[in-house]
2 protein chains.
Amino acid sequence: MTDDTTTAVRAFNQSWSSRVGVLEESFLGTGRSLGASRLLFEIGREPGGAGVRELRGGLGLDSGYLSRLLRGLEREGLLEVHPDPADRRRRVATLTDRGARARAELDQRSEELAQHLVEGLSPGQRRRLGEALATAERLLRVGSVRLESIPPDAPEAVTAVRRYFAELDARFPGGFDPSDAATADVAGMAPPRGSFLVARAGETVVACGGVQPHDATTGEIKRMWVDPDWRGLGLGGRVLAELEAEVARLGYATVYLDTNGTLSEAIAMYDRAGYRPIERYNDNPYAQHWFAKSLA
Amino acid sequence: MTDDTTTAVRAFNQSWSSRVGVLEESFLGTGRSLGASRLLFEIGREPGGAGVRELRGGLGLDSGYLSRLLRGLEREGLLEVHPDPADRRRRVATLTDRGARARAELDQRSEELAQHLVEGLSPGQRRRLGEALATAERLLRVGSVRLESIPPDAPEAVTAVRRYFAELDARFPGGFDPSDAATADVAGMAPPRGSFLVARAGETVVACGGVQPHDATTGEIKRMWVDPDWRGLGLGGRVLAELEAEVARLGYATVYLDTNGTLSEAIAMYDRAGYRPIERYNDNPYAQHWFAKSLA
DNA sequence: GTCATCCTCTGACTCTAGTCAGATAAAACG
DNA sequence: CGTTTTATCTGACTAGAGTCAGAGGATGAC
């Protein structure tokens with residue numbers, strides 16, 4: 001099984017890199033090095049320009065090397081580097097008009113080369129190729145996600161929960177008001193009787209979920225959320241399974257959770273995972289369904 | 001449509017290269033450069049070693065550069081280069097035992113890294129990824145194939161036809177004896193009344209087919225062949241369609257072709273393409289089916 | 001106000017990858 | 001047999017990509 005997959009991965013990689021190698025060579029056809037092109041592309045990603053420090057992190061470059069690349073593009077008149085008014089040690093690079101045009105040209109070239117890659121395929125074959133690549137990409141992305149337990153009051157945890165609340169507010173017909181919930185529950189999800197997990201893709205948090213005590217033998221799962229761009233890849237199931245393991249590790253025998261009727265995907269997932277409806281066990285005004293699962 | 005595909009291609013490429021970039025870096029982890037690793041891998045592909053000339057073609061390297069890489073690996077004791085007894089200008093590189101071990105280690109590392117790429121995926125997800133990549137690879141390969149008309153006595157045409165005959169010999173229960181056919185027909189497939197096409201993937205010929213005159217208004221398609229590694233991708237259909245276009249360009253109104261009952265895929269394809277069975281129109285001892293199609 | 005730290009830049013390197021112009025020896029051609 | 005062609009090798013280069021050790025200004029902590 002695994003062998004089959006790795007064989008396919010390796011065969012594909014050889015094919016892809018030989019073809020895309022040509023593609024990237026033509027990137028160089030602009031008379032600019034690949035490094036400079038990548039940089040130009042990255043700086044133009046956001047209209048306000050990019051901090052040198054962020055560029056270094058994002059592209060993984062040495063500070064000296066990056067500085068040299070910036071000087072080169074500056075000499076070409078493609079960008080300007082100014083000190084950041086808020087902290088004059090930092091510097092911010094912004095594209096000039098010429099730089100923006102050069103970037104658009106790069107983008108155009110990249111588009112052409114992708115097109116070159118599919119030329120000679122029938123429309124049906126193109127569609128199949130697009131689907132296959134999209135599927136592969138989603139699977140690759142999810143394969144690199146790692147689950148990690150962090151304190152519920154860590155900045156990343158707070159950000160994730162905030163995004164979760166924002167989504168509830170958008171989806172619930174009457175909106176959602178976090179009010180006290182935002183801060184009141186945090187303490188409950190800290191060890192030794194609670195836990196908070198995040199799923200990371202690289203450094204970005206793409207899913208989260210927490211456990212808090214309900215009573216001596218029951219833990220409650222709360223704040224389960226998956227970034228909309230990362231849904232449909234089984235990530236929710238992974239987080240749920242890991243939270244259940246966490247509940248067991250914390251010494252509870254049963255898991256409770258509640259949810260709103262609007263979140264139908266969630267309800268379906270809980271059902272698949274073996275959760276069964278029970279009576280209302282709390283006074284959460286947004287909850288319409290209450291579930292339990294025994295971990296025996 | 002096309003836009004969708006190129007978007008998927010570009011998104012995928014970014015994802016893939018960021019992930020595989022890490023993969024290839026670890027290739028370098030052996031203390032050998034990527035170029036040297038590729039070379040080592042290529043030489044070890046066939047047990048008898050590889051001709052320097054073939055390596056140059058296969059890897060697309062400059063002769064000076066390749067020579068230097070070979071010297072480096074030789075110094076490391078991983079390979080030996082000896083003159084080819086048949087032509088002492090040429091040289092043949094063979095791996096030493098140490099070289100073979102180093103290559104096995106590379107292979108192992110590549111396998112591990114492919115595995116690393118799929119770790120964290122469930123068995124079902126792995127299967128889906130493998131399938132998606134295999135599909136994509138086949139489509140990419142076929143997308144890069146170009147059809148080209150060449151003289152039927154060009155070395156590449158002769159080689160392709162020879163491989164076709166070899167396959168017939170293997171597949172026909174009583175074998176196949178090209179005898180006179182090999183040379184006699186060549187003249188007929190030359191312009192202005194005939195034509196010979198090859199399909200190239202890079203420099204390699206992966207399919208071929210010819211047209212020769214049958215009578216004033218009828219052309220005959222012969223020697224249609226697709227490399228076994230390249231079947232099932234619609235290449236046969238493309239060659240056939242192009243041959244029909246060629247027949248029309250040469251001024252014929254009808255196409256004839258014959259085939260052996262063993263070649264069931266071919267018969268199915270002719271049927272799909274609109275060919276209808278007719279009476280025996282020649283004395284080809286290997287033919288059991290005769291088809292015609294009007295190009296009106 | 002001083003000192004440590006942070007951020008960026010410059011200069012001096014290295015390594016890989018690759019090109020180009022001959023030199024040399026063997027084979028093929030006439 | 002001499003000439004041309006082919007196959008490989010050596011030497012001299014170049015460009016890209018990146019590392020490393022400071023220099024120097026700006027900021028933050030005390």
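The values are calculated or read from the model by the stated rules, or taken from the named source; none is laboratory data. Every value quoted in this text rests on a predicted model; they were computed, and no experiment measured them. Backbone-built Cβ (ideal geometry, glycine too); neighbour counts: all protein chains shown.
Being under 30 Å from residue B:60 (Cβ atoms) and of a type in the set (A, V, I, L, M, F, W, C) narrows it down to one of B:233, B:257, B:243, so name that one.
Numbers: B:257 fails: under 30 Å from residue B:60 (Cβ atoms); B:243 fails: under 30 Å from residue B:60 (Cβ atoms).
The conditions single out B:233.
Keeping to region B:128-153, report how many residues are more than 7 Å from chain A (Cβ to nearest Cβ) and free of Cβ contacts under 8 Å to residues at least 24 places away in the same chain.
1
Quick check on my filter: what residues within region A:32-44 are within 13 Å of DNA strand D (Cβ to nearest atom), more than 14 Å from chain B (Cβ to nearest Cβ) and among the aliphatic types (A, V, I, L, M)?
Matches in region A:32-44: A:36, A:39, A:40.
In region A:90-107, which residues are within 11 Å of DNA strand C (Cβ to nearest atom) and either in contact (Cβ under 8 Å) with a residue 40 or more places away in the chain or in a helix (DSSP H, G or I) (or both)?
Start the filter on region A:90-107 by keeping residues that are within 11 Å of DNA strand C (Cβ to nearest atom), which leaves A:90-93.
Once the filter is applied, which keeps residues that are within 11 Å of DNA strand C (Cβ to nearest atom) and either in contact (Cβ under 8 Å) with a residue 40 or more places away in the chain or in a helix (DSSP H, G or I) (or both), region A:90-107 yields A:91, A:92, A:93.
Please identify the pairs in which a residue from region B:61-74 that is under 21 Å from residue B:97 (Cα atoms) has its Cβ atom under 9 Å from the Cβ atom of a residue that is assigned to a loop (DSSP other than H, G, I, E, B) and near DNA strand C (Cβ under 8 Å from one of its atoms), counting only partners at least 6 apart or on another chain.
B:69/B:33; B:69/B:61; B:72/B:32; B:72/B:33; B:73/B:32
Quick test for you: out of A:155, A:123, pick the one residue that is loosely packed, with under 14 Cβ neighbours inside 10 Å and at pLDDT below 85.
After applying the criteria, what remains is A:155.
Kindly list, by first and then second residue, each pair from a residue in region B:229-257 that is without any contact (Cβ under 8 Å) to a residue 60 or more places away in the chain to a residue that is surrounded by fewer than 19 Cβ atoms within 10 Å (Cβ to Cβ) and charged (D, E, K, R), limited to pairs with Cβ atoms under 8 Å and residues at least 6 apart or on different chains.
Matching pairs, first to second residue: B:231/B:265; B:236/B:265; B:237/B:272; B:250/B:193.
Output the residues belonging to region A:87-118 that are of a type outside the set (Gly, Ala, Ser) and at the interface with another protein chain (Cβ under 7 Å from one of its Cβ atoms).
Of everything in region A:87-118, those that are of a type outside the set (Gly, Ala, Ser) and at the interface with another protein chain (Cβ under 7 Å from one of its Cβ atoms) turn out to be A:111, A:115, A:117, A:118.
Return yes when residue A:227 is out of contact with any helix residue (DSSP H, G or I) (no Cβ under 8 Å at 6 or more places or on another chain) and either surrounded by 13 or more Cβ atoms within 10 Å (Cβ to Cβ) or not aromatic (Phe, Trp, Tyr) (or both) and no when it is not.
On the way: out of contact with any helix residue (DSSP H, G or I) (no Cβ under 8 Å at 6 or more places or on another chain): no; either surrounded by 13 or more Cβ atoms within 10 Å (Cβ to Cβ) or not aromatic (Phe, Trp, Tyr) (or both): yes.
Answer is no for this residue.
How many residues does region B:45-101 hold that are more than 11 Å from DNA strand D (Cβ to nearest atom), of a type in the set (Asp, Glu) and within 25 Å of the chain's Cα centre (by Cα)?
Matching residues across region B:45-101 total 1.
Any idea which residue in region B:273-296 is surrounded by the most Cβ atoms within 10 Å (Cβ to Cβ), counting only those that are of a type in the set (D, E, K, R) and over 19 Å from residue B:179 (Cα atoms)? Break it down stepwise before answering.
The initial filter retains those residues of region B:273-296 that are of a type in the set (D, E, K, R), namely B:276, B:279-280, B:283, B:293.
After this cut, where a residue has to be over 19 Å from residue B:179 (Cα atoms) as well, the list is B:276, B:279-280, B:293.
Working: B:276: 11, B:279: 6, B:280: 11, B:293: 19.
Of everything passing the filter in region B:273-296, B:293 is surrounded by the most Cβ atoms within 10 Å (Cβ to Cβ).
Since residue A:48 meets every condition but one in (1) touching a residue at least 24 places away in the same chain (Cβ under 8 Å); (2) surrounded by 12 or more Cβ atoms within 10 Å (Cβ to Cβ), which condition does it not meet?
With (1) touching a residue at least 24 places away in the same chain (Cβ under 8 Å); (2) surrounded by 12 or more Cβ atoms within 10 Å (Cβ to Cβ) applied to residue A:48, the lone miss is (2).
Just need a number here: residues in region B:162-179 that are over 13 Å from residue B:286 (Cβ atoms) and modelled with pLDDT under 90.
1
From B:172, B:196, B:165, B:176, which residue is hydrophobic (A, V, I, L, M, F, W, C) and within 17 Å of the chain's Cα centre (by Cα)?
Within the list B:172, B:196, B:165, B:176, the selection yields B:165.
Return yes when residue A:225 is more than 16 Å from residue A:270 (Cβ to Cβ), among the aromatic types (Phe, Trp, Tyr) and either without any contact (Cβ under 8 Å) to a residue 24 or more places away in the chain or assigned by TED's automatic domain parsing to the domain that holds residue A:168 (or both) and no when it is not. Talk me through it step by step, then tell me what you get.
Numbers: more than 16 Å from residue A:270 (Cβ to Cβ): no; among the aromatic types (Phe, Trp, Tyr): yes; either without any contact (Cβ under 8 Å) to a residue 24 or more places away in the chain or assigned by TED's automatic domain parsing to the domain that holds residue A:168 (or both): yes.
So residue A:225 fails the test.
Do you know which residues across region B:267-285 are farther than 17 Å from residue B:254 by Cα and more than 26 Å from the chain's Cα centre (by Cα)?
Across region B:267-285, the qualifying residues are B:283, B:284, B:285.
Among the residues that make up region A:198-216, is at least one of them among the acidic types (Asp, Glu), buried (at least 18 other Cβ atoms within 10 Å of the Cβ) and without any contact (Cβ under 8 Å) to a residue 40 or more places away in the chain? Give the derivation first.
Step one: filter region A:198-216 for residues among the acidic types (Asp, Glu), giving A:203, A:215.
Remaining after also requiring buried (at least 18 other Cβ atoms within 10 Å of the Cβ): none.
No: zero hits.
Hey, could you check region B:60-110 for residues that are out of contact with any Phe, Trp or Tyr (no Cβ under 9 Å at 6 or more places or on another chain) and hydroxyl-bearing (Ser, Thr, Tyr) and say which is surrounded by the most Cβ atoms within 10 Å (Cβ to Cβ)?
B:94
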